[in-house]
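The values are calculated or read from the model by the stated rules, or taken from the named source; none is laboratory data. Model, not experiment: these values are computed from the prediction. Glycine gets a Cβ as well: all are built from the backbone with ideal geometry, and neighbour counts include every protein chain shown. Ligands, DNA and RNA are stripped out before the accessible areas are found, and what is left, the full protein with its side chains, is counted by its heavy atoms. Shrake-Rupley method; radii C 1.70, N 1.55, O 1.52, S 1.80 Å.
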Amino acid sequence: MKTKMWGPLGLKQALPGQEAEKVGACPELAEDVNCTQECASDSECRDNLKCCRAGCSAACTMPNEKQGSCPKIDISYPQLGLCIDQCHTDSECPGQMKCCLNGCGKVSCVTPTF
């Protein structure tokens, strides 16, 4: 059984053959002129953070998008639930859920369509 080992900066590093890409897309990041390398792959980032590159630098960053599409909203039916923003980005939603419009001009975590 392979295990993770601790690397520089106290981050867990995957052993060869254990690199796994996490869901979501990296946001556009400003390039770091110091070329800071916080990570080399997603497996070195905690929780659902992704290893995102900006020029010569790489950092563990909150992804801004999950797979799937927001479901279509039928505005001919009254929408039930809270009419408040419950999220701002997909990465704030659990599992595969996405942050989508909920029918009253706000956003909620919902099950996406594939």
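Scanning the stretch 41-61 for residues that are under 13 Å from GLU28 (Cβ atoms) and hydrophobic (A, V, I, L, M, F, W, C) turns up CYS52, ALA54, ALA59.
Could you count how many residues in the stretch 23-47 are closer than 16 Å to PRO63 by Cβ and at pLDDT below 85? Lay out the reasoning, then the answer.
Here is the first cut: in the stretch 23-47, the residues closer than 16 Å to PRO63 by Cβ are 23-29, 38-39, 41-47.
Imposing the further condition that a residue be at pLDDT below 85 reduces the set to 23-29.
Qualifying residue count for the region: 7.
Go through the stretch 24-47 and report how many residues are buried (at least 17 other Cβ atoms within 10 Å of the Cβ) and closer than 13 Å to ASP90 by Cβ. Walk me through how you get there before you give the answer.
Applying the first criterion (buried (at least 17 other Cβ atoms within 10 Å of the Cβ)) to the stretch 24-47 yields 24, 26, 38-39, 42-45.
Subsequent filtering for residues that are closer than 13 Å to ASP90 by Cβ retains 24, 26.
Within the stretch 24-47, residues that are buried (at least 17 other Cβ atoms within 10 Å of the Cβ) and closer than 13 Å to ASP90 by Cβ number 2.
Taking into account only those residues within the stretch 96-110 that are of a type in the set (Gly, Ala, Ser) and not in a strand (DSSP E or B), which is surrounded by the most Cβ atoms within 10 Å (Cβ to Cβ)? Spell out the reasoning first.
Initially, the stretch 96-110 is screened for residues of a type in the set (Gly, Ala, Ser), giving 103, 105, 108.
Next, only the ones that are not in a strand (DSSP E or B) stay: 103, 105.
Numbers: GLY103: 16, GLY105: 9.
Selected residue: GLY103.
Restricting the stretch 77-90 to residues that are at pLDDT 70 or above and among the aliphatic types (A, V, I, L, M) leaves a set whose member that is most open to solvent (accessible area, probe 1.4 Å) is LEU82.
Can PRO63 be described as of a type outside the set (Phe, Trp, Tyr), touching a helix residue (DSSP H, G or I) at 6+ places or on another chain (Cβ under 6 Å) and part of a loop (DSSP other than H, G, I, E, B)? So PRO63 passes the test. Residues that are among the aliphatic types (A, V, I, L, M) and at pLDDT below 80: does the stretch 54-76 have at least one? The answer is yes, given that some residue of the stretch 54-76 is among the aliphatic types (A, V, I, L, M) and at pLDDT below 80.
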